[in-house]
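Inspection log for the structure reproduced underneath, given as C-alpha cells.
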Amino acid sequence: VIAFRERKRLIACIGVGVGLVGPTAARADVQFNGFGQVVVGSALGNNQSFPTRTTLYAYSADPSFENESLFGLQAQAPLSDSLSATAQIVASGAPNDLTPPNALYNCGAMGTSQCALSHEDFTPKFTWAYVNWTINDNLSLKAGRQRLPLYHYSDYLQVGEAYPWIRPPVSVYSSPVSNYDGVSLQGQFSAGNWFVQPQIYYGAFDGTIFTSAASFGFKLQNLTGAVFEANYADWFDFRVSYAFAWMGIHGPTVDQLTQEQAQVADAMTSQLSLAALGVDGILSNPGIQGALGAAGYTPQQIAGWMAGMQGFNTAGAAYGAIAQDSVIDHQFISYSSAGIEINKYNFVFDGEYIYQKSPGWVNSLASYYVSLGYHIGHFTPVLTYGRTDSRPGDKATDARLRSNANQAYLADTTSTAAYGAACAAIKTATTQTCSQFNAQLPNSMDNLTPAGTVVNPLTGQTGAALLYMENQILANYSNAIDDYYEFGIRYDVSRNAALKLDYTYYASPLSQTGPTGFYPYQGASHAQLLSAAFVFTF
Amino acid sequence: MNMKIRFQIAGVGALLFAGSMAAYAAGAVVVGKDSPLAAMDADQVKRVFLGRENSINGARVIVVYQKEETNRTPFETKVLGKAGPDLSAYWAKQIFTGKASAPEEVSGDAGVRAKVTSSPNAIGYVTEAGVDSTVKVIFRY
C-alpha cells in the first residue's frame with residue numbers, strides 16, 4: 001500500500017515537474033514516450049565543411065557526434081475526457097551560435113574553419129507544450145507551443161525512427177524556424193479508403209535562430225497557415241500546405257550591420273568628407289601649393305586629388321542606402337508546398353516541392369527532392385536527389401544593394417587613394433603629415449574612428465570591411481543552386497530501433513561572384529558528408 | 001557474368017517474396033462479453049487500431065495491442081497492412097506530432113482478455129486459441 005502511494009506521488013511530481021497537470025495528477029495516467037538518435041558525421045575530402053549555405057549542420061572533416069544527436073521525451077496527461085496536456089522536451093547538441101573572428105563577418109561562405117561554433121550542449125528545451133481539446137471524433141484544437149508544419153516532415157523532423165533517411169532531405173528541410181506559439185485546429189475524416197487530415201493554424205514565432213551563415217533574432221508575426229493531407233488505402237499520401245506571416249530580422253548581426261553601415265555613411269558624408277575637405281583646404285593653401293610645386297607636383301595632380309576625394313560623399317550616400325535596404329521589419333513572407341508519398345510493392349517514393357517567397361534581400365527558395373527506397377527484409381536502401389534554388393526575395397532591392405555596394409566600393413577606393421596620395425605629397429613637400437595639419441581642424445581624420453575600419457580575415461587588409469561583409473551577404477542571399485545527391489540505407493535492428501548510413505554529395509554548379517571589384521564569392525563548389533546514425537523510440 | 005548476377009538477385013527476391021507470403025496464424029478481434037461494441041468490418045478494425053477512429057457510438061474506445069511478436073505480427077500484417085518497424089514508424093509519427101496517443105500494450109491473450117473484460121470500451125486481439133466465453137468476437141482474421 002505504501003509503495004503504491006509512493007508511486008502515485010512520484011507520478012504527480014513528474015506531472016507537476018513538467019508543468020502539465022494540477023490536482024488531478026495523482027489519478028491521471030501520464031503517458032511517457034521518447035525518441036532519440038545518435039548521429040556521427042564527417043565531411044570527407046579537403047577541409048571543405050558540409051554544406052555551406054542552406055543547412056543548420058556544419059560538419060568538418062573531424063567527426064562530430066553533437067551536431068545532430070538528440071534525445072526527446074514526451075509526456076501526455078489526460079485532464080478530462082476531452083482535454084489533455086502534452087509537453088515534449090528535446091535535448092540536442094545542435095549548433096546554436098556562430099562566433100566568427102569578428103562578429104560582423106558571415107562565416108557561411110568562408111567555411112567554418114574561420115569561425116567558432118558553439119553548441120546546445122544538450123540543454124533540454126520545450127519543442128511542444130500544448131493543451132489539446134478533442135472537440136469530437138473529427139476535430140481537435142491545440143493551444144500552446146507547437147511544431148510549425150510548413151512541410152511534410154516538419155512536424156517530426158527530429159523523430160528519426162519515422163523516416164528512412166538520417167535527416168529529411170536538406171534541400172527542403174533547412175528552415176531554421178521549427179516552432180510557433182499559437183492555436184491549431186486539426187480535423188480527421190474517413191471516407192471509404194480515404195483518410196483526410198486538414199489543419200489550420202495561427203500564431204507567432206519570436207526567437208533567435210541559427211543558420212550556417214549567421215545567428216540572429218527572427219520574428220514571424222500573424223503567422224497563418226493551412227495544411228491538407230489525404231491518404232488513400234495507406235499507400236498513397238498527398239499533402240499541400242500554405243502559410244504566410246510578417247517577418248522581421250533583428251539581433252546582433254543584422255543590427256550591427258545596419259548600425260555600422262549607418263555610422264560609416266554618416267562618417268563618410270559629414271565628418272570624413274569634412275576631413276577630406278580639410279585636406280582640400282590644405283591643398284588650396286597657396287603656400288602649400290607652392291611647396292608642392294617646388295617638390296615637382298603639377299597643378300593637375302593637385303586638382304586630381306581634390307576631385308578624387310569628393311568620392312567620399314558618393315560612398316557615404318551609397319552606404320546609407322545599403323543600411324536602409326538591410327532592414328527587414330514586418331515584411332510579408334509565404335511558404336507553399338506540395339508533396340506525395342507512395343508505399344507500394346516494397347517501394348517507397350517520396351517527393352516534395354516547396355516555394356518560399358521572401359522579402360528584400362532574404363532569399364526566396366524554390367526547392368524540391370525526390371527519393372526512392374526499396375524494402376529488402378530489414379534493409380531499406382534509399383536514393384535521394386534534391387535541389388535548392390535561391391533567388392533574391394525582391395529583385396529591385398537586390399539590384400539596388402548590388403549597385404550601391406559597387407558604387408560605394410569604387411568611390412571609397414578612389415577617394416582613399418586620392419587622400420593617401422595627397423597626404424604623401426604634402427609630407428614630401430612640407431615634412432608635415434596630414435595628421436599634423438588635420439589636428440588643427442575640428443573634424444580631423446585622426447579624430448574619427450570609422451566603424452568600417454576592421455580587418456578582413458581573409459586578406460588581412462584593413463578598410464572596406466563593410467563592403468566585404470556586404471558582399472558576403474549579397475553572395476549568400478542571391479542566385480545560387482545547391483544540389484544534393486544522396487545514398488542511404490536503413491537497417492531495422494528491432495521494432496523500435498534502426499541503424500542508418502548515409503553518403504551525401506553536395507555541389508553548387510552556379511558559381512558566385514560579387515559586384516565588380518569585390519572579393520569573389522568563394523563558396524564550396526562541392527562537399528561530401530558521410531554519416532551514421534542509431535535511432536530509437538521508447 | 002551478368003546473367004549470374006541477375007539470377008542471384010532474382011533468387012533473393014523470390015526468397016523474400018516467399019517469406020512475406022508465409023501463412024500467419026488466425027486470430028480474432030475481441031471485446032468483453034458484455035461490451036456494447038458490435039461486429040466490425042476489416043476497414044473499421046484497421047481505422048480503430050491505427051488511431052483514426054477513436055470512438056464508436058459516442059464512446060471512446062481503448063485499443064490494446066499485444067507485446068509478443070508471435071501474437072502481434074499476424075494481426076499487424078493481415079489486418080493493419082504494416083507490421084514491426086513500419087508500424088513503429090507510423091506510431092512514432094502519430095504520437096510525437098500529437099495526432100494520437102500510444103496504444104496500450106499488454107502481455108499475451110490473457111492480458112487482452114483481462115483488459116477487455118474489465119473495460120467495456122476496450123478492444124484487443126487474441127489468437128484463435130485465446131478466444132473463450134469471457135470475450136465476444138467482433139472480427140476474425
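The values are calculated or read from the model by the stated rules, or taken from the named source; none is laboratory data. Because the structure is a prediction, the values reported are computed rather than measured. Quick reminder, even Gly has a Cβ in these numbers, built from the backbone with ideal geometry, and neighbours come from all protein chains shown. For the accessible areas, the whole protein counts, side chains as well, though only heavy atoms, and no ligand, DNA or RNA atoms are used. Shrake-Rupley method; radii C 1.70, N 1.55, O 1.52, S 1.80 Å.
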Task: Amide hydrogen neighbours beyond the local backbone of residue B:68, cut-off 5 Å, H modeled - done: B:108
Task: Two-site FRET efficiency, residue B:24 against residue A:121, from Cβ-Cβ distance with R₀ of 60 Å, rounded to 0.05 - done: 0.80
Open item on the list: Distance cut-off 21 Å, Cα to Cα: go down the list A:125/A:357; B:82/B:136; B:33/B:78; B:67/B:115 and report the pairs above it.
Closed with: A:125/A:357; B:82/B:136; B:33/B:78
TODO: Place a +1 charge on the Cβ of each Lys and Arg in the stretch A:354-405 and a -1 charge on the Cβ of each Asp and Glu, then give the dipole magnitude about the Cα centre in debye, rounded to the nearest 20.
DONE: 180 debye
TODO: Provide the FRET efficiency to the nearest 0.05 for the residue A:345-residue B:57 pair, computing r from the beta carbons and using R0 = 35 Å.
DONE: 0.40
- [ ] Please give, to one decimal in nm, the separation of the simple spin-label points placed at residue B:69 and residue A:44, each 7 Å out from Cα toward the Cβ.
- [x] 3.3 nm
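Please give the contour-minus-distance gain from residue A:295 to residue A:501: 0.36 nm per residue of separation, less the Cα-Cα distance, rounded to one decimal in nm. Can you show the working numbers first?
On the way: separation 206, 0.36 × 206 = 74.16 nm, distance 7.39 nm.
Additional length available on full extension: 66.8 nm.
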- [ ] Set the Förster radius R0 to 60 Å, insert the Cβ-Cβ distance between residue A:191 and residue A:532 as r into 1/(1 + (r/R0)^6), and round the FRET efficiency to 0.05.
- [x] 0.90
Task: Packing-based order for A:337-348, A:308-319, A:366-377, using average beta carbon neighbours within 10 Å, highest first - done: A:308-319, A:366-377, A:337-348
Open item on the list: If you take the accessible area of A alone plus B alone and subtract the pair, what total do you get in square angstrom, rounded to 100, with a 1.4 Å probe?
Closed with: 2700 Å²
Task: Length gained when the stretch residue A:436-residue A:143 is fully extended (0.36 nm per residue, less Cα-Cα span) - done: 98.7 nm
TODO: With label points built 7 Å along Cα→Cβ from the Cα atoms of residue A:403 and residue A:236, find their separation and express it in nm.
DONE: 5.1 nm
Open item on the list: Testing the spin-label approximation: label points 7 Å from Cα along Cα→Cβ at residue A:329 and residue A:29. State their distance in nm.
Closed with: 5.4 nm
Task: Spin-label zone in the stretch A:162-198 - amide nitrogen under 11 Å from a point set 7 Å from the Cα of residue A:204 along the C-beta vector - done: A:181-182
Task: Cross-link pairs A:395/B:93; A:219/B:93; A:219/A:500 - those with Cα-Cα distance over 31 Å - done: A:395/B:93; A:219/A:500
